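*Asks:* Below you will find the structure I want to go over with you.
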Amino acid sequence: MTQEKKNYALPIAIMFALFFMISFVTGLQNPMGVIVKNQFEGITNFMSQLGNAANFIAYAFMGIPAGYLLQKIGYKKTALAAVTVGFVGVGITFISGQVASFAVYLIGAFVSGFSMCMLNTVVNPMLNTLGGEGKKGNQLLQFGGSINSIGATIVPVLVGYLMGDVAKATIDKANPALFLAMGIFVLAFIVLAAVKIPEPHMGEPNVKKGKEPHSPLSFRHFVLGTVAIFLYVGIEVGIPNFANLYMTTDLAIDATTAGTIVGTYWFLMLIGRLLGGTFGDKFSSKTMLTFVALLGMCFILLTILLPKGITVDMPVFKSDISFGLTEVPIGIMFLVLCGLCTSVMWGGIFNLAVEGLGKYTAVGAGIFMVMVCGGGILPLIQGLAADSWGYIASYWVIFLALVYMLYYALIGCKNVNHDIPVE
């Protein structure tokens, strides 16, 4: 048994690297939105979020097919396909910088989104399997989630540093970050191709069953939960994206400093996930979601209502992997603190939404992956609001989404469909 675990050490490390890549490639769309807004004339706040939208909307197209691929060809081949698609997507983004094309940039973001959806479908069950499921599998997943947060923390800091003067920033300034991503994809492909991955579900007989009279969508609390997860991903992405645009555009904060501030938001998400894991056995998902939704609403209200003339010295995560003080409007500090709130929302919503689903849980998880597209759609709505009323006023979109989170935690999560058999 010990030898078997040693044999899986390398693929486990690659899965960790892929967890990092999911957040790194997805997070690229945040600073890239700032770059394209300054590089291409006539790009509005709405249009600056199209790359992010393309990345997330790809989930709506690929979520169910990715699950089908996993079932038909297994973990290893699906992961290899995902890594290949990811390399191509980031490569197209690199080409967009060479030809200075906004349209090519959007294509790259969309193709990258396909890869991120496929990787998300693979890495969670694969890590769980490599850990032998049970407590060890769960432990590996928690480590993977933390590494995911590290990638999200690094990317805005790194690209902000590479960007330099925002007014002169172009897509090709981010080339070192793109080369890093492509290099990791190549390494992951080579290692995955060379090692043996357990495929516990391959080769099982395909027993046809009669059509189920119900589905996860038969449960009210699950349907309301899919809306919550749609809005949650939009909240998580929209808060730092528009904080970055606000700082570099209205406040004339240089891109490097803005990147460190946004990176601190993602760092606080890492801290929040660690705290959530520590106290998860003491507080219910309903209690945790209620608390962070209320706290997030307070932070957003303070951001909207407090004048930007009030400034504070806020500790931020620096590009040299240290902390330092940066003077910012107090509203920016409250936006960064929202990272503590968004950190535990996914797990809380997922747990509440699938509670009582029984045999419908696996299908429900696939539907959840499709709803990740909210991370692209809600920021587009916020972009329209920013174009019409300004960056700070656009956070009313986030506030209303948090109101729904609170409703779901208090009322919507209740299972009212106990009459549906789930065994």
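*Asks:* Rounded to the nearest 0.05, what FRET efficiency do Ile95 and Glu41 give with R0 = 22 Å and r taken as the Cβ-Cβ distance? Could you check?
*Replies:* My answer for the efficiency is 0.60.
*Asks:* Find the accessible area per residue for the chain; the probe is 1.4 Å, ligands and nucleic acids are left out, and the unit is Å².
*Replies:* 42
*Asks:* Let me have the relative contact order for the range 263-388, percent, based on Cα pairs under 8 Å that are six or more residues apart.
*Replies:* Over the range 263-388, the number comes to 33 percent.
*Asks:* Here is a follow-up. With θ set to phi - 60° and the Karplus curve 6.51 cos²θ - 1.76 cosθ + 1.60, what are the ³J(HN,Hα) couplings of the range 394-406 in order, to the nearest whole Hz, using x for Gly and Pro?
*Replies:* Each residue of the range 394-406 in turn: 5, 6, 5, 4, 5, 4, 5, 5, 5, 4, 5, 4, 5 Hz.
*Asks:* Within the accessible area of the range 4-80, what % is carbon and sulfur when the probe is 1.4 Å and the other protein chains stay in place?
*Replies:* 63
*Asks:* For Leu274 and Asp313, calculate 0.36 nm times their separation in residues minus their Cα-Cα distance, and state this gained length in nm to one decimal.
*Replies:* Here the answer is 11.5 nm.
*Asks:* Using a 1.4 angstrom probe and counting only protein chains, how large is the accessible area of Asp387 in Å², to 10?
*Replies:* Looks like 70 Å² after rounding.
*Asks:* Identify which of Tyr404, Tyr265, Tyr232 has the largest mean-square fluctuation in a Gaussian network model of the chain, with springs joining Cα atoms closer than 10 Å.
*Replies:* Between Tyr404, Tyr265, Tyr232, it is Tyr404 that shows the largest mean-square fluctuation.
*Asks:* Trp396: accessible area at probe 1.4 Å, nearest 10 Å²?
*Replies:* 110
*Asks:* Would you work out which of Leu10, Ala401, Asn38 lies farthest towards the positive end of the dipole of the chain, given +1 charges on the beta-carbon of Lys and Arg and -1 on that of Asp and Glu, about the Cα centre?
*Replies:* Leu10
*Asks:* Could you list, in their original order, any pairs among Lys77/Lys359; Lys72/Lys196; Lys282/Lys359; Lys37/Lys308; Lys196/Lys359; Lys286/Lys359 whose Cα atoms are separated by more than 20 Å?
*Replies:* Lys77/Lys359; Lys282/Lys359; Lys37/Lys308; Lys196/Lys359; Lys286/Lys359
The values are calculated or read from the model by the stated rules, or taken from the named source; none is laboratory data. Everything quoted here is computed from the prediction, not taken from an experiment. FYI the Cβ positions are ideal-geometry reconstructions off the backbone, even for glycines, and counts take in every protein chain you see. Accessible surface is based on the protein model in full, side chains and every heavy atom, while ligands, DNA and RNA are left aside. Shrake-Rupley method; radii C 1.70, N 1.55, O 1.52, S 1.80 Å.
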